[in-house]
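Encoded as structure tokens, the structure appears first; notes follow it.
The values are calculated or read from the model by the stated rules, or taken from the named source; none is laboratory data. Being a predicted model, the structure only gives us computed values, none of them experimental. Every residue, glycine as well, gets a Cβ built from its backbone with ideal geometry; the counts of neighbours run over all protein chains shown. Keep in mind that these areas ignore ligands, DNA and RNA; they rest on the heavy atoms of the full protein, side chains included. Shrake-Rupley method; radii C 1.70, N 1.55, O 1.52, S 1.80 Å.
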Amino acid sequence: MKKAMLVFGTRPEAIKMCPLVNELKDRSGEFETVVCVTGQHREMLDQVLHVFGVEPDHDLHVMKLGQTLFDITSDVLLKIKSVLEEERPDVVLVHGDTTTSFAAALAAFYLQIPVGHVEAGLRTRDLYSPWPEEFNRQAVDVVSKWYFAPTETSRQNLLDEAKPGDRIFVTGNTGIDALRHTVRDNYTHPELDWAEGSRLILITAHRRENLGEPMHRMFCAIRRVMEERPDTKAIYPIHMNPQVRKAAHEELDGFDRLRIIDPLEVVDFHNFMARSHLILTDSGGIQEEAPSLGKPVLVMRDTTERPEGVAAGTLRLVGTGEENIYREFSRLLDDTAAYAEMSRASNPYGDGHASERIADILSR
Ligand code: UD1
Ligand code: UDP
């Protein structure tokens, strides 16, 4: 019997790790599965745990208002030590590029426990974009023993860094696993009823490097474009970060065709995506989900570690400059050929069976 400990702490990690938790738990004859959440996020993490019915065995409760990278890194590192020593798993599985993942992988390395990196090999090669995530994902890959790369491109990134090819597995992205079950034709929600008859724009934004001026520029551009087009309505399920909330309310309050609402549960969010006309975001996970749904995304960032979605035609990088976002957003609303070009569904991030593949590999 192998003991696998999964460590995660934020919303996107939970969305992509819970399918794997449940897959490993279904194989209880083969695996003892231990879940340790850091609580880097609280409400947004608990929402996801509830949806997937996952009850953590350990919770480090690290979140505090306005937490810094120093707080998260040191709190996770110090608090996870005794959990790892008590559980002594055969493998610690972490996901992606958060500070939870970095600190948990480092702790496992200090105790010489093998690390498996789910969603390994994504790269922009710019340590400041996204910041600090590009550092986190590279650092996790330095200490990992097994690499679960979502795509061939990410496998190649790892090979370019001389990671051993026999420990890299292309599995697809576990985020797509959830999408197979969430989107329904008969889904309804009062906010979608409100937007009925208009082109629905879905918005999210939260990146650390975009806090402050870039975020103000994004919101100004979005408001200008929408004020000029009365057939549009926007829903913005806002991140709980108070800095994001302050900027959004300063720029967007008083415009009644744009509604700022609390974070949606993932089932709701996926159905909102499926019903939207287009999406404006700086999120990573949304860039992976949108191609499967054939929804155009304007990515409000300067770089992306998800080139597959750009190549598939669904994603366009528009930066954080007000004029560029204004121009690209306007064009996508007005140019039907450009819109149709970006609306073709494809599955660059896998077929929705990534968790099964990872479990198969771990059992070998
Ligand atoms: C984190 C990750 C980022 C990921 C994002 C997903 C790092 C450094 N950043 O960034 O990679 O893309 O999660 O959303 O790991 N808050 C709450 N309740 C919650 C969640 C957050 O109140 O459930 C507030 C707190 O005041 C917290 C702040 O949001 O201090 C920021 O949270 P934090 O995890 O530090 O940063 P994110 O931007 O969420
Ligand atoms: N999401 C959600 N509710 C929301 C907004 C997003 O469940 O209100 C989901 C979305 O479908 C995706 C993930 O959260 O799976 C993305 O998380 P986030 O943007 O916070 O982080 P990132 O992916 O940028 O790290």
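Considering segment 57-72 alone, what residues qualify as being assigned to a helix (DSSP H, G or I) and away from ligand 1 (no atom under 12 Å from the Cβ)? Steps first, answer last, please.
In the first step, residues of segment 57-72 are kept if they are assigned to a helix (DSSP H, G or I); the result is 69-72.
Within segment 57-72, none qualify.
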Next item on the list: Please name all residue pairs, on different chains or six or more residues apart, with Cβ atoms under 8 Å, provided the first residue is in segment 234-256 and is free of Cβ contacts under 8 Å to residues at least 60 places away in the same chain and the second residue is open to solvent by 80 Å² or more (accessible area, probe 1.4 Å) and outside any helix (DSSP H, G or I).
Entry: Ala234/Arg259; Ile235/Arg259; Tyr236/Arg259; Pro237/Asp262; Ile238/Asp262
Next item on the list: Given the conditions (1) open to solvent by 10 Å² or more (accessible area, probe 1.4 Å); (2) modelled with pLDDT of 95 or more; (3) not hydroxyl-bearing (Ser, Thr, Tyr), report the number of the one that Val21 does not fulfil.
Entry: (1)
Margin query: Given (1) within 16 Å of ligand 2 (Cβ to nearest atom); (2) out of contact with any helix residue (DSSP H, G or I) (no Cβ under 7 Å at 6 or more places or on another chain), identify the lone condition not met by Asp90.
Written below: (1)
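Away from ligand 2 (no atom under 16 Å from the Cβ), free of Cβ contacts under 8 Å to residues at least 12 places away in the same chain and farther than 25 Å from Ile361 by Cα: is that true of Lys64 in this structure? It would help to see each step written out before you state the result.
Numbers: away from ligand 2 (no atom under 16 Å from the Cβ): yes; free of Cβ contacts under 8 Å to residues at least 12 places away in the same chain: yes; farther than 25 Å from Ile361 by Cα: yes.
Against the criterion (away from ligand 2 (no atom under 16 Å from the Cβ), free of Cβ contacts under 8 Å to residues at least 12 places away in the same chain and farther than 25 Å from Ile361 by Cα), Lys64 qualifies.
How many of the residues in segment 168-200 are of a type in the set (Asp, Glu), open to solvent by 40 Å² or more (accessible area, probe 1.4 Å) and at pLDDT 95 or above?
Of all residues in segment 168-200, those of a type in the set (Asp, Glu) come to 177, 185, 191, 193, 196.
Applying the additional criterion that residues be open to solvent by 40 Å² or more (accessible area, probe 1.4 Å) yields 185, 193, 196.
Next, only the ones that are at pLDDT 95 or above stay: 193, 196.
Of the residues in that region, 2 qualify.
Mind checking which residues of segment 73-96 are in a helix (DSSP H, G or I) and either in contact with a His (Cβ under 7 Å, 6 or more places away or on another chain) or in contact (Cβ under 8 Å) with a residue 60 or more places away in the chain (or both)?
Once the filter is applied, which keeps residues that are in a helix (DSSP H, G or I) and either in contact with a His (Cβ under 7 Å, 6 or more places away or on another chain) or in contact (Cβ under 8 Å) with a residue 60 or more places away in the chain (or both), segment 73-96 yields Val76, Ile80, Val83, Leu84, Glu87.
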Notebook entry, point to check: Got at least one residue in segment 206-213 being away from ligand 2 (no atom under 16 Å from the Cβ) and open to solvent by 70 Å² or more (accessible area, probe 1.4 Å)?
Noted result: yes
Notebook entry, point to check: Phe148 is checked against (1) open to solvent by less than 10 Å² (accessible area, probe 1.4 Å); (2) part of a helix (DSSP H, G or I); (3) more than 16 Å from ligand 2 (Cβ to nearest atom) and fails just one. What number does that condition carry?
Noted result: (2)
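So how many residues does segment 125-143 have that are in a loop (DSSP other than H, G, I, E, B) and buried (at least 19 other Cβ atoms within 10 Å of the Cβ)?
Filtering segment 125-143 down to residues in a loop (DSSP other than H, G, I, E, B) leaves 125-132.
After this cut, where a residue has to be buried (at least 19 other Cβ atoms within 10 Å of the Cβ) as well, the list is 130, 132.
Looking only at that region, the number is 2.
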Item checked: segment 273-286, residues that are near ligand 2 (Cβ under 8 Å from one of its atoms) and either open to solvent by 10 Å² or more (accessible area, probe 1.4 Å) or of a type outside the set (A, V, I, L, M) (or both) -> Thr281, Asp282, Ser283, Gly284, Gly285, Ile286
Checklist line | In segment 157-167, the residues that are open to solvent by 10 Å² or more (accessible area, probe 1.4 Å) and in contact (Cβ under 8 Å) with a residue 12 or more places away in the chain | finding: Asn157, Glu161, Lys163, Arg167
Check: Is there any pair linking a residue in segment 266-285 that is under 14 Å from Lys233 (Cα atoms) to one that is within 16 Å of ligand 1 (Cβ to nearest atom) and in a loop (DSSP other than H, G, I, E, B), with Cβ under 9 Å and at least six apart or on different chains, and which?
Finding: Phe272/Leu264; Ile279/Thr204; Leu280/Thr204; Leu280/Ala205; Leu280/Met300
Checklist line | Test: Tyr326 is out of contact with any Pro (no Cβ under 8 Å at 6 or more places or on another chain), of a type in the set (Phe, Trp, Tyr) and farther than 13 Å from Leu278 by Cβ | finding: yes
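Taking the condition open to solvent by 20 Å² or more (accessible area, probe 1.4 Å) and in contact with a Cys (Cβ under 7 Å, 6 or more places away or on another chain), does Phe52 pass?
Numbers: open to solvent by 20 Å² or more (accessible area, probe 1.4 Å): yes; in contact with a Cys (Cβ under 7 Å, 6 or more places away or on another chain): yes.
Taking the combined requirement at face value, the residue satisfies it.
Within segment 16-47, work out how many residues are near ligand 1 (Cβ under 10 Å from one of its atoms) and not basic (Lys, Arg). Spell out how you get there, then give the answer.
Narrowing segment 16-47 to residues near ligand 1 (Cβ under 10 Å from one of its atoms): 38-47.
Imposing the further condition that a residue be not basic (Lys, Arg) reduces the set to 38-41, 43-47.
Residues meeting the conditions: 9.
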Note to self: With the requirement that a residue be closer than 22 Å to Gly285 by Cα and out of contact with any Phe, Trp or Tyr (no Cβ under 7 Å at 6 or more places or on another chain), what does segment 150-174 give you?
What the structure shows: Glu152, Thr153, Ser154, Arg155, Gln156, Asn157, Val170, Thr174
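Taking the criterion of being closer than 20 Å to Cys18 by Cα, part of a loop (DSSP other than H, G, I, E, B) and open to solvent by 10 Å² or more (accessible area, probe 1.4 Å), would at least one residue in segment 97-117 satisfy it? Before you say what the answer is, go through the steps one by one.
Residues of segment 97-117 closer than 20 Å to Cys18 by Cα: 97-105, 115-117.
Restricting the remaining residues to those that are part of a loop (DSSP other than H, G, I, E, B) gives 97-98.
Checking the rest, the ones that are also open to solvent by 10 Å² or more (accessible area, probe 1.4 Å) come to 97-98.
Yes, that holds for at least one residue.
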Check: Within segment 305-346, can you find the residues that are in contact with a Leu (Cβ under 6 Å, 6 or more places away or on another chain) and not in a helix (DSSP H, G or I)?
Finding: Glu305, Arg316, Val318
